[in-house]
Amino acid sequence: MLSIRDLSVGVEGKTIVRHLNLEVRAGEVHAVMGPNGSGKSTLAQALAGHPAYAVTGGEVTYLGRDLLAMSPEDRARAGLFLAFQYPIEIPGVSNAAFLKAAINEQRAARGLDELDAMDVLERLEQKLQLVEMDKSFLSRPVNEGFSGGEKKRNEILQMAVLEPTLAILDETDSGLDIDALKIVAQGVNRLRRPDNAIILVTHYQRILQYVEPDHVHVLFDGRIVKSAGKELALELERRGYDWIRDEVGAVA
Amino acid sequence: MTSIGAGTDRYLAEFESLERGADRAPAWLAALRREAMARFAERGFPTTRDEDWRYTNLGPLAATPFRAAGAVASLNLSSETVDRAAIGPSAWPRLVFVDGRYAPEHSSRQRLPGGACLSSLAEAMTTDPELVQRHLARHAHWDADVFAALSTAFVQDGAFLHIPAETAITAPIELLLLTTVPGALAQPRILVVAGPHSRFTVVERYVGLTDDTCFVNAVTEMVVGPGASVDHYVLQEQGASTFHMATIHAALERDSAFSTCEATFGARLARTTLTVRFGGEGGRGSLAGLYVTSGRQHVDHHVTVDHAVPRCSSRQLYKGVLDGSARAVFNGRVIVRPDAQKTDASQTNKHLLLSDGVEVDSKPQLEIFADDVKCTHGAAEGQLAPEAIFYLRSRGLDDTAARRLLTLGFVREVVDRITVEPIRSYLDRTLEARLGTERGSKEMP
């Protein structure tokens, strides 16, 4: 589904992701872990097409298409979804209006009819239960005045509504209490299907107690330096990231 | 520049012909007009050396030879055209003015309760002379404001609305003011008198049916009686070459509530000089406006809230969206006079700049002479946040749709204050059209 080869990404002239390789197949859940500054968010943002992140080398194929040649909106319309680490506040635009616009833009791109307000509301209300959010959430401006946990749950709501093919969650678990964490994990597990894939970018092993990954990768200094099964996450939790640093240093 | 006002000659000539004409004005009005004309002639059109006009150049207005609308024939309008231009359904009481002149054939004055009067000003001078004389030109500062003086010098007709004490009217009253004739000066004059504890909504709707150069000089005086509650709307869609000068003065008496909300879309130059004066304790004023401009449009708001007495509150919220090489001027003056303790006043003015070619001059002007008061003000201007655009694009909206949705979000705060239908849906519709259409931004909570 997603094939990243030799990818390098820079921000403001500074290279953050270096020669990164990653293969994600349909049905898989990948956890990308790493210490702060290792390039996790840069990788996530670059895959979503953030214009401030300049790809300086390598290639990315998504569903057989050249992902890097696609605009952010085309990536979204092709089923790629990024749950933001820091969701953006949009004053004056209700969650409902925002989601209606997103649903219909994506439907239009797939040649489907536009949904009217009632259809959208119905769909949104079902998904609200999934993230245990009140209906009043829909009429509030997007993320404005939301608590940290509400913002993260709102990302999961969007994900649930848009039903992406490839979901990338950028530290969605950070700063969540245990209840919110379970809600987020549940949202991710609901999305888990043989034809979907999920990349969980995270600093901690916590969420992986609820979402079992197929693969765990350690990102260090812009490179994936170690890949293994879910047991790697537990090892990272137990031993921290320093031993990785030593190991990488030893190899280099 | 004081002895012979710039650009006033032809107006003097028009005035003399008006005086010679068959117009039988009562003596008090004739005297008032002469005084106002003298004032106008003495002052002339302001220049940018005048502090109140520093950022608004009236040179092109002063240089254009407008003819009084009375001297030119207006278009014959079909009722379909009129209905299309109107905001409300025909069930609303409505007075229609074409180039400043009352058009009874398009007006409907039915359905007003007993004692209420909606009529042309000329009629009211006969039917309600005492009330007209007491209020007409007694509130708008024609001695200080050239455009109020010009209006007062030529005052002949206009709209008169008097709602008596303890009377509530549900249907908004619409004043539809159409501009049809190129080169004409139209001077609509509006007098609204709200009796004690009355409650109603009045809408001034300006529509330009020509894109040629016109000059509309509108003056609205509103007297909000004790305990009365008046909601006032100004919805302006003049033609692209029109000079639209509006002077609005609201005099608020004890415990009254007044709200005014203005939406400006049209005109090449639109100036609103709005004054709200608290003359009795316990008054509440809500002043809001939004303007959406592009091309070379120039929109100027000079708002004065005069807290002359204690325990009144005022809220100002003005938001502008500027594109192309548009220019916006906002001057928000709040005066708190020495006795006006417990005043609670706020002012917010924000601009969204959609292009690099736009210019904004926003100035709060707080003159506070009392010590036990709460006054806040805030002004901000900025462009759409790139992070917000990316966020929307990451959900599938293209760049244009993302910008539209964010721009609609910016003005939403003003639009949300409007609960009256179909004014609310008119605004939604017009904003959609002016800012482009956007999937999903309407019909949602």
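The values are calculated or read from the model by the stated rules, or taken from the named source; none is laboratory data. The model shown is predicted, which means the values in this text are computed figures rather than measured ones. Neighbour counts are summed over all protein chains in view; Cβ atoms, including those assigned to glycine, are modelled from backbone coordinates with ideal geometry.
Of note:
- Test result for residue A:196, within 14 Å of chain B (Cβ to nearest Cβ) and surrounded by 16 or more Cβ atoms within 10 Å (Cβ to Cβ): no
- Qualifying residues in segment B:343-361 (those that are among the hydroxyl-bearing types (Ser, Thr, Tyr) and at pLDDT 95 or above) - the one farthest from residue B:281 (Cα to Cα): B:348
- Some residue of segment A:140-161 being within 13 Å of chain B (Cβ to nearest Cβ) and either free of Cβ contacts under 8 Å to residues at least 12 places away in the same chain or hydroxyl-bearing (Ser, Thr, Tyr) (or both): no
- Residue within segment B:311-325 that is touching an Asp or Glu at 6+ places or on another chain (Cβ under 8 Å), assigned to a strand (DSSP E or B), within 23 Å of residue B:177 (Cα to Cα) and in contact (Cβ under 8 Å) with a residue 40 or more places away in the chain present: no
- Residue among B:404, B:393 that alone is touching a residue at least 12 places away in the same chain (Cβ under 8 Å), within 14 Å of chain A (Cβ to nearest Cβ) and either touching a Ser or Thr at 6+ places or on another chain (Cβ under 9 Å) or surrounded by fewer than 18 Cβ atoms within 10 Å (Cβ to Cβ) (or both): B:404
- Residues that are more than 9 Å from chain B (Cβ to nearest Cβ) and either over 20 Å from residue B:398 (Cβ atoms) or surrounded by 21 or more Cβ atoms within 10 Å (Cβ to Cβ) (or both), drawn from segment A:64-78: A:64, A:67
- None of B:340, B:388, B:308 is more than 22 Å from the chain's Cα centre (by Cα), modelled with pLDDT of 95 or more and within 14 Å of chain A (Cβ to nearest Cβ) except B:388.
- Neighbours by Cβ (under 7 Å, 6+ apart or cross-chain): first from segment B:35-55, acidic (Asp, Glu); second surrounded by fewer than 20 Cβ atoms within 10 Å (Cβ to Cβ) and at pLDDT below 90: B:42/B:2
- Unique residue being within 28 Å of residue B:400 (Cβ to Cβ) and basic (Lys, Arg) when the list is B:311, B:296: B:296
- Checking residue B:411 against (1) assigned to a loop (DSSP other than H, G, I, E, B); (2) within 12 Å of chain A (Cβ to nearest Cβ); (3) under 24 Å from the mean Cα position of the chain (by Cα), the condition it does not meet: (1)
- Among the residues examined, residue A:51 qualifies as surrounded by fewer than 20 Cβ atoms within 10 Å (Cβ to Cβ), within 14 Å of chain B (Cβ to nearest Cβ) and not in a helix (DSSP H, G or I).
- Between A:96, A:117, A:101, A:83, the distinction of being small (Gly, Ala, Ser), crowded, with 24+ Cβ neighbours inside 10 Å and within 7 Å of another protein chain (Cβ to nearest Cβ) belongs to A:101 only.
- Residue B:272 vs. criteria modelled with pLDDT of 95 or more, closer than 18 Å to residue B:150 by Cα, touching a His at 6+ places or on another chain (Cβ under 8 Å) and among the polar types (S, T, N, Q): yes
- Where helices (runs of 4 or more DSSP H) sit wholly within segment B:84-167, none has at least 3 residues that are touching a Gly at 6+ places or on another chain (Cβ under 6 Å).
- Failed item, numbered, when residue B:425 is tested on (1) out of contact with any strand residue (DSSP E or B) (no Cβ under 7 Å at 6 or more places or on another chain); (2) in a loop (DSSP other than H, G, I, E, B); (3) within 14 Å of chain A (Cβ to nearest Cβ); (4) modelled with pLDDT under 95: (2)
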